[in-house]
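Comments concern the structure below.
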Amino acid sequence: METVLSGIRPTGNLHLGNYFGAVQSFVKLQEEYKCFFFIADWHSLTTHPHPENIRKSVKTILSEYVGCGIDPEKATIYIQSDVREVAELYLYLNMNAYLGELERVTSFKDKVRSQPDNVNAGLLTYPSLMAADIIIHKANKVPVGKDQEQNMEMARKFARRFNMIYGVEYFPEPASFHMTEKAMKVPGLDGSGKMGKSEGNAIYLIDDEKTIKKKVMKAVTDGGPTQPDSIKPEPVANLFTMMEIVSTKDTYDYFNDKYNNCEIRYGDLKKQLAEDINAFCAPIRERILAISSDDAYLEKIARFGAEKATESAAKTLREVREIIGFRP
Ligand code: TYM
């Protein structure tokens with residue numbers, strides 16, 4: 001059976017971008033594949049979070065994973081730092097990862113620009129840790145959003161390189177998985193770019209009805225089309241993209257026709273969009289809130305997941321050590 005793996009950094013609550021880019025696929029794939037879904041707390045250290053924030057954010061993602069419908073009996077849910085074998089594999093991969101290729105990664109270059117006084121080695125080697133996360137369970141499919149494409153390229157490259165150096169066919173090349181035809185990029189509602197926590201334009205799964213409405217009503221638009229069938233400018237196109245994701249096709253077509261006939265009233269569109277986002281989030285929100293106060297249950301899930309993930313990772317590490325030439 002093929003193996004699926006993916007992870008999310010614990011840097012706050014999950015937003016609609018995380019859900020539609022990744023978590024939605026997790027829930028579907030757990031029915032058919034051997035699945036590992038983890039919380040990438042080591043990755044979050046690149047920004048030097050306070051210990052209390054790590055504890056809180058890890059617990060948040062754990063309850064949100066389960067609230068979204070990931071079933072700890074079907075999929076292995078675990079916390080990255082509970083599986084130390086990953087760090088050992090990261091070390092081995094780093095020995096064959098080169099400065100030039102790591103420096104060329106777009107997200108690294110962005111970080112160099114945005115946080116010049118914290119360009120740490122963890123940021124530089126982010127792709128080798130991500131590759132270790134993936135290949136430690138010999139994953140074949142990795143459900144991720146569009147923004148992870150370059151990291152996925154690197155993971156494939158590092159897996160191939162390991163096989164080549166040691167003359168083995170050991171690690172499979174992990175493929176990105178998308179439920180839709182193309183990789184998903186959920187837009188922000190601030191006019192441009194993608195939805196993201198650091199962009200400050202996110203709608204979170206736990207946002208209540210009032211908050212959702214406030215955020216959507218504030219979304220950037222324009223003066224409206226002046227000619228029939230005109231191309232939508234990015235802020236407006238983003239609203240329609242959100243509608244395509246959360247609303248019915250009829251609703252989307254209705255507003256799209258209104259736009260094409262120059263009869264669109266953005267206030268109506270936003271009101272409908274806010275309602276549809278809320279209808280989508282409400283049941284998930286309720287489950288998250290119910291689970292998040294049950295510390296004993298969350299602890300049990302984390303322990304169970306750590307055990308299963310460690311077993312799988314330890315097996316890989318035993319084999320990798322032998323391939324490299326270390327004592328078993
Ligand atoms: P992270 O934590 O930034 O995001 C988690 C997942 O959510 C997706 N995502 C989006 N998808 C579509 N539209 C958006 N606006 C949007 N925003 C976020 C991301 O593509 C991602 O799938 N490096 C990873 C975490 C990671 C990982 C891994 C993933 C570490 N190791 C191994 C897969 C396999 C990250 O920072 O994702």
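Data overview
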read-out: Residue 99, sole failed condition from (1) closer than 21 Å to residue 174 by Cα; (2) open to solvent by 50 Å² or more (accessible area, probe 1.4 Å); (3) aliphatic (A, V, I, L, M); value: (1)
read-out: Flag if residue 216 is β-branched (Val, Ile, Thr), modelled with pLDDT of 95 or more and part of a helix (DSSP H, G or I); value: yes
read-out: Enumeration of residues in the stretch 128-138 that are open to solvent by less than 30 Å² (accessible area, probe 1.4 Å) and either in contact with a strand residue (DSSP E or B) (Cβ under 9 Å, 6 or more places away or on another chain) or more than 9 Å from the ligand (Cβ to nearest atom) (or both); value: 128, 130, 133, 134, 135, 136, 137
read-out: Residue within the stretch 20-29 that is within 14 Å of the ligand (Cβ to nearest atom), of a type in the set (Phe, Trp, Tyr), modelled with pLDDT of 95 or more and open to solvent by 10 Å² or more (accessible area, probe 1.4 Å) present; value: yes
read-out: Sole exception among (1) open to solvent by less than 30 Å² (accessible area, probe 1.4 Å); (2) more than 10 Å from the ligand (Cβ to nearest atom); (3) not in a helix (DSSP H, G or I) for residue 89, by number; value: (3)
read-out: Cross-chain or 6+ apart pairs with Cβ under 9 Å, the stretch 122-141 first and closer than 16 Å to residue 33 by Cα, then charged (D, E, K, R) and within 10 Å of the ligand (Cβ to nearest atom); value: 139/133
read-out: Any hit, the stretch 228-235, residues being surrounded by 17 or more Cβ atoms within 10 Å (Cβ to Cβ) and part of a helix (DSSP H, G or I); value: yes
read-out: Residues located in the stretch 40-56, provided they are out of contact with any Phe, Trp or Tyr (no Cβ under 9 Å at 6 or more places or on another chain), part of a helix (DSSP H, G or I) and open to solvent by 20 Å² or more (accessible area, probe 1.4 Å); value: 45, 47, 51, 52, 53, 54, 55, 56
read-out: Those residues of the stretch 270-328 which are open to solvent by 40 Å² or more (accessible area, probe 1.4 Å) and acidic (Asp, Glu), in sequence order; value: 275, 286, 294, 295, 299, 307, 311, 319, 322
read-out: Matching option when the condition is modelled with pLDDT under 95, open to solvent by 10 Å² or more (accessible area, probe 1.4 Å) and within 12 Å of the ligand (Cβ to nearest atom), among 12, 7; value: 12
read-out: Residues located in the stretch 36-55, provided they are more than 8 Å from the ligand (Cβ to nearest atom) and under 21 Å from residue 71 (Cα atoms); value: 36, 37, 39, 41
read-out: Any hit, the stretch 165-181, residues being near the ligand (Cβ under 8 Å from one of its atoms) and among the small types (Gly, Ala, Ser); value: no
read-out: Search result, residues across the stretch 112-127 that are more than 10 Å from the ligand (Cβ to nearest atom), in a helix (DSSP H, G or I) and modelled with pLDDT of 95 or more; value: 112, 113, 116, 117, 118, 121, 122, 123, 124
read-out: Tabulated pairs, the stretch 32-54, first under 26 Å from residue 75 (Cα atoms), second within 14 Å of the ligand (Cβ to nearest atom) and among the aromatic types (Phe, Trp, Tyr), C-beta under 6 angstrom, 6+ apart or interchain; value: 37/26; 38/78
read-out: Every pair of residues 6+ apart whose Cβ atoms lie under 9 Å, when the first sits in the stretch 241-270 and is more than 17 Å from residue 224 (Cα to Cα) while the second is open to solvent by 50 Å² or more (accessible area, probe 1.4 Å) and of a type in the set (A, V, I, L, M); value: 246/279
read-out: Conditions (1) within 12 Å of the ligand (Cβ to nearest atom); (2) open to solvent by 20 Å² or more (accessible area, probe 1.4 Å); (3) in contact with a strand residue (DSSP E or B) (Cβ under 6 Å, 6 or more places away or on another chain); number of the one not met by residue 33; value: (1)
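So that you can scan it fast, the table gives a plain yes or no per residue for (1) out of contact with any Gly (no Cβ under 6 Å at 6 or more places or on another chain); (2) β-branched (Val, Ile, Thr):
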site: 3; (1), (2): yes, yes
site: 6; (1), (2): yes, no
site: 31; (1), (2): yes, no
site: 46; (1), (2): no, yes
site: 52; (1), (2): yes, no
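The values are calculated or read from the model by the stated rules, or taken from the named source; none is laboratory data. Computed from a predicted structure; not experimentally measured. We place every Cβ from the backbone using ideal geometry, glycine too, and count neighbours over all the protein chains shown. To get the accessible areas, we keep the full protein, side chains included, count just its heavy atoms, and leave off ligands, DNA and RNA. Shrake-Rupley method; radii C 1.70, N 1.55, O 1.52, S 1.80 Å.
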